[in-house]
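Each remark here refers to the structure printed beneath this line.
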Amino acid sequence: MIGSLRYRLLMWSALVLIGTVGGFAWFIHLSVLRSLEEELDGELEISAAALDATLRLFSGRGLIEDPAGSFGIGGRDEWAKDDRYPPARPVGMGKGKDSKGKDGKGKDKGEGEFMGNRRPPPMFPPRVWEQLYGELRLPPKSRISPEQYFGVWLADGHLLKGEGLPEGSKFPELEDGGVWFRRNGEYRELQILGPGRSVIMVGTPMEPVKRRLEPIDRNLVLAGLGIIGLGLLGQWWISRQIFKPLRAIAKTASGLSAKSFGGRIDTAKVDLELRDLAGVLNSTFDRLEKAFARQTSFTADASHELRTPLAVLRGQAELALSRPRENREYVKALQVCQTSAERMSDLVERLLLLARADADFPGMAPTLVDMTKLVVEVVAELPEPDSVEVATSRAVVWGDGVLLRQLVQNLVGNALKHGGRSVRVSIRTREGRVILKVRDKGPGIAAGHLDHIFDRFYRIDKARARADGGAGGTGLGLSICREIVLRHGGEINCQSIVGHETLFRVELPAFDESVENRRQ
């Protein structure tokens, strides 16, 4: 499965889809949570504002703060000496529980506390304090936070009133003008400064927010799973459509063989992105077809060429052995056998050279080759060097000296064979190219043959073919010349006028000595 491009595509699509959907769901979750918290904070602000307004109402009547520093007109000391009430004590949150006790969450239940024992100071009617105690309460239940609690502290740290306060709550100390939202465990609290430096705290558990988030999160998970599932199904279907033309291409390619190269990919039915690939494959199939045809023809021609001298050898041997003969007849038969063997040897050598050319001449040893010197040496080695006119100037190339010598020998030998004694060879350097020309005054080549003379085993006519398995050519010399020139990055062509002359022209890249000196 891992080795399948289709399944890898599905796996990466799944990862991207899961990441995208998961990130979007998390963003929605955080956005809703933030929105609920902002709404919750707004409700806490409304509750704190209501408590602050109640305190300010009674603050104007001297019940909350006293410029003399005493609590109430009678003063804290007078209040403490009054025998009508038990002694008052400062009360922190969580102390001085009323008769109703606590709930299961450790929060005070009931109406809470007022100055520790709800007694009014002397000289003030108890009904005024009862009124303050009764009006100091939260507004109607909030939509998000119906379980709000609150506490109101005087500036000296005494709890004026508290309802539902969590266990362990303490007197909050705030700077002037302070408004402070905070998380206290599982609770969200708001603390503000009230009149007379009193402190108001309003809080609520976060459980209602979590309860409201649960269905939203559940729907997000279900929707995300559905989107991922549908996305993977869609990606699976899309991958089938994408790989369908590839399967068609593979089917066409698998139907090709050495005997059948007729199938080609219909580029009109292939998607635009795969059209270039289909075109390249069709071109490759064309080259393979030509290569197989060429190989088949090469094998057939080579077999035919070898069969002729072998038939001569066999015929001469059978003729010589059919009856006793004179010595001169045996000598003649052996001479014919020798000629046929030499022809076969030359053919085999040429075939091996072409085989090396098909393999890009393994073992080539490029060096600096003085083409002027090479041409002079090849002409000097001819049986009749005076029959060739030579015109040279300095010409140096980078290549294999053995193969380049074979090139010159083939061209000059071919010109002598068909051009008689009127052959001219010239070599020069012009515009970064070494130009080799071999011209003969032979019968020429018809225009219809010029496009094929470099093909393997191609012969123009019987005049240039073998004669009785003897001195005729093999049809491989010019093919070898072309392969050598191409492997050296050059060009070769032929121009001919029937009945007048034939010119072979070779161009090779010249060696630039100035560039080489700069490299060194």
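Results, tabulated for the structure shown:
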| item | result |
| --- | --- |
| Pair list, Cβ < 6 Å and 6+ apart or interchain, from the stretch 347-360 residues that are more than 10 Å from S479 (Cβ to Cβ) and in the same structural domain as T299 (by TED's automatic domain parsing) to residues that are assigned to a helix (DSSP H, G or I) and modelled with pLDDT under 75 | L347/E305; L351/A302 |
| Test result for H449, loosely packed, with under 15 Cβ neighbours inside 10 Å and modelled with pLDDT of 85 or more | no |
| Count - residues of the stretch 302-320 that are surrounded by 11 or more Cβ atoms within 10 Å (Cβ to Cβ) and either modelled with pLDDT of 80 or more or in contact with a Lys or Arg (Cβ under 6 Å, 6 or more places away or on another chain) (or both) | 11 |
| The stretch 19-43, subset surrounded by 15 or more Cβ atoms within 10 Å (Cβ to Cβ) and among the aliphatic types (A, V, I, L, M), residue farthest from P139 (Cα to Cα) | V21 |
| Every pair of residues 6+ apart whose Cβ atoms lie under 8 Å, when the first sits in the stretch 39-51 and is assigned to a helix (DSSP H, G or I) while the second is among the aromatic types (F, W, Y) | D41/F181; L44/F181; S47/F150; A48/F150; L51/F150 |
| M344 being within 26 Å of R294 (Cα to Cα) and part of a loop (DSSP other than H, G, I, E, B) | no |
| Criterion: assigned by TED's automatic domain parsing to the domain that holds H488 and under 13 Å from V485 (Cα atoms) - qualifying residue of R405, R394 | R405 |
| In the stretch 385-409, residue surrounded by the most Cβ atoms within 10 Å (Cβ to Cβ) [restricted to those that are in contact (Cβ under 8 Å) with a residue 12 or more places away in the chain and of a type in the set (D, E, K, R)] | D400 |
| Among the residues listed as L274, L230, the single one being surrounded by 11 or more Cβ atoms within 10 Å (Cβ to Cβ), modelled with pLDDT under 75 and of a type in the set (A, V, I, L, M, F, W, C) | L274 |
| Hey, F150 part of a strand (DSSP E or B), closer than 30 Å to G23 by Cβ, in the same structural domain as F27 (by TED's automatic domain parsing) and in contact (Cβ under 8 Å) with a residue 12 or more places away in the chain or not | no |
| Of residues in the stretch 279-301 being in contact (Cβ under 8 Å) with a residue 60 or more places away in the chain and not hydroxyl-bearing (S, T, Y), the one farthest from E329 (Cα to Cα) | R294 |
| Some residue of the stretch 429-446 being hydroxyl-bearing (S, T, Y), closer than 16 Å to V379 by Cβ and modelled with pLDDT of 85 or more | no |
| Residue under evaluation I460, criteria (1) more than 30 Å from Q335 (Cβ to Cβ); (2) at pLDDT below 90, criterion not met | (1) |
| Hits in the stretch 410-427 - residues which are surrounded by fewer than 17 Cβ atoms within 10 Å (Cβ to Cβ) and within 14 Å of L374 (Cα to Cα) | S426 |
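The values are calculated or read from the model by the stated rules, or taken from the named source; none is laboratory data. The shown structure was predicted, so the numbers you read here are calculated from the model rather than taken from an experiment. Cβ atoms come from the backbone with ideal geometry, glycine included; neighbour counts cover every protein chain shown.
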